[in-house]
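To start, the structure itself, in structure tokens.
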């Protein structure tokens, strides 16, 4: 279970990041459900990208024997930022297609 904890944190943080981005960008918001879905996907992708760069919580958790504060914060940051970015991209594409 411990090996899945960084991923779970990234996905939850991604959902939060997607909803925060949706609140900040009213015109590009997809609604709470779809902001969450886009955020979850972005959170997983963001965490993986940061992990490949050696900056994510998943890489730090794998290197250590357990979850520490640094790996948890890395997972939260990677998931939240990734979720917000993907939601923003999808929102802008949706808005552009509607015109």
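Just so you know, all these numbers are worked out from the coordinates, no wet-lab data involved. Just so you know, these numbers come straight off a predicted model, no measurement behind them. Here the Cβ is made from the backbone with ideal geometry for all residues, glycine too, and neighbour counts use every protein chain on show.
Only residues of the stretch 37-54 count here: report those whose backbone N is under 16 Å from the spot 7 Å along Cα→Cβ of residue 70, or say none. Residues passing the 16 Å test: 51-54. Sorted on the mean count of surrounding Cβ atoms within 10 Å across their residues, most packed first, peptides 45-53, 33-41 read 33-41, 45-53. Descending by average beta-carbon neighbour count within 10 Å, the peptides 3-13, 88-98 line up as 3-13, 88-98, the highest first.
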